[in-house]
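Data block below; observations after.
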Amino acid sequence: MNSKLAVLALLSLAATAANAHFGMVIPDKAYVTDQKAGTVGLTVAFAHPMERNGMTMAKPNAFYVVANGKKTDLAASLKKAKLFGKDAWSSSYKVARPGVYQFVVEPKPYWEPAEDKFILHYTKVVVPAYGDEDGWDAPTSAKAEIIPLTRPFGNWAGNTFQGKVVVNGKPVAGADVEIEFYNKAGKKKPATDYHVTQVVKADANGVFTYTAPWAGWWGFAALTDADYKLKQDGKEKPVEIGAVLWTKFE
Ligand SMILES: [Cu+2]
């Protein structure tokens, strides 16, 4: 390869690195406080939230809510929607009782030719209702998840958030955690490509720490390699398992 091509190849590698994919499940309200406005609308998507690029999301394998120790299947509530011009999903759920509602999406594995692998982001958001706040750190049944160590709601911009990365019920030491702001209105302009995605590592116990600099929805994606492969065009390919948590800072 001549040097110009080499530089171009490096540039395209750099572009993918700065450009993280996130499973998304974003409620239209972060807290339910009023019975008259007890319905939560949800956007379910796969996107680059800081750069506002969508990716086409197939119908998820599973979508459910866990609250008061009970899991309720919401797959039938999913409707086609768009985010950043690409196929996404929407849902709505009427919250009738006090509780802490964990909405969980298990997508279909997404084939990413640029990275020669599948991406599978187990994604959740935690919405408290009517003053209840018990059980915000309860595990769901997802294969991979971030167990919050900081209550994942009612935080201020500038608060520090901690979570534990867990796959198959076990903490993942040293997991890479990518963090992005949901730049919904496009008002945040990253200073450089390096600023698009913030990166921290989990410690030996799978615990990571991040301080959100400004208000809004922030996504935390803990990335691990699956212990299995999936076939694409007859060849076995690696699978990136992401445990994603969205939380809002005010
Ligand atoms: Cu992508």
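Between the helical axis of 3-17 and the dominant principal axis of the chain, each derived from Cα atoms, what acute angle in degrees is found, rounded to the nearest 10? That works out to roughly 10 degrees.
Just add up the charged neighbours of Ala215: K/R +1, D/E -1, any other residue whose Cβ is under 9 Å from the Cβ of Ala215. Neighbour charge sum, excluding Ala215 itself: 0. Neighbour counts of C-beta atoms inside 10 Å place Arg97, Arg151 in the sequence Arg97, Arg151, starting with the fewest. Taking the Cα centre of each part, how many Å lie between the range 121-172 and the range 40-98? If you average the Cα positions of each part, the centres end up 17 Å apart. Between Glu236 and Thr209, the distance separating the two model label sites (each 7 Å from Cα on the Cα→Cβ line) works out to 4.0 nm. Within the straight-line cut-off of under 15 Å between alpha carbons, the aspartates and glutamates reachable from Lys108 are Asp87, Glu240, sequence neighbours fewer than 8 places apart in one chain being disregarded.
Spin-label model, Asp34 to Asp227: label points 7 Å out along the Cα-to-beta-carbon direction sit 4.9 nm apart. The alpha-carbon of Lys201 sits under 23 angstrom from the alpha-carbons of these lysines, leaving out residues fewer than 8 places away in its chain: Lys117, Lys124, Lys143, Lys164, Lys170, Lys248.
Phi angles of the range 34-42 translate, via the Karplus equation with coefficients 6.51, -1.76, 1.60 and θ = phi - 60°, into HN-Hα couplings of 10, 3, 6, 10, x, 8, 9, x, 10 Hz per residue; Gly and Pro are given as x.
Return the aspartates and glutamates within reach of Lys235: Cα separation strictly under 20 angstrom, same-chain partners fewer than 8 residues apart disregarded; answer none if there are no such residues. Within reach: Glu112, Glu115, Asp116, Asp225, Asp227.
For the range 162-220, dividing the convex hull volume of the Cα atoms by the residue count gives 90 Å³ per residue. In the chain, helices alone account for a calculated mean residue ellipticity at 222 nm of -2000 deg cm²/dmol, with every DSSP H run of four or more residues adding -39,500 (n - 2.57). Note on Lys80 and Ala62: their simple-model spin labels are 2.6 nm apart, each label 7 Å out from Cα toward Cβ. The Asp73 and Thr192 beta-carbon pair, evaluated with R₀ = 51 Å, returns a calculated FRET efficiency of approximately 0.75.
With neighbour counts taken as other beta-carbon atoms within 10 Å, the residues His48, His121, His195 rank, fewest first, as His195, His48, His121. By the gyration tensor of its Cα atoms, with a ≥ b ≥ c the square roots of the eigenvalues, what is the shape of the range 15-169: rounded for a/c under 1.5, prolate for a/b over b/c, or oblate? Verdict is prolate for the range 15-169. The slack in the chain from Asn53 to Glu115, taken as 0.36 nm per residue of separation less the alpha-carbon distance, amounts to 20.6 nm.
Where a number appears in this text, it was derived from the coordinates with a stated rule and is not lab data. Keep in mind it's a predicted model, so treat the numbers as computed, not measured. Here Cβ is always computed from backbone atoms with ideal geometry, including for glycine, and neighbour counts include all displayed protein chains.
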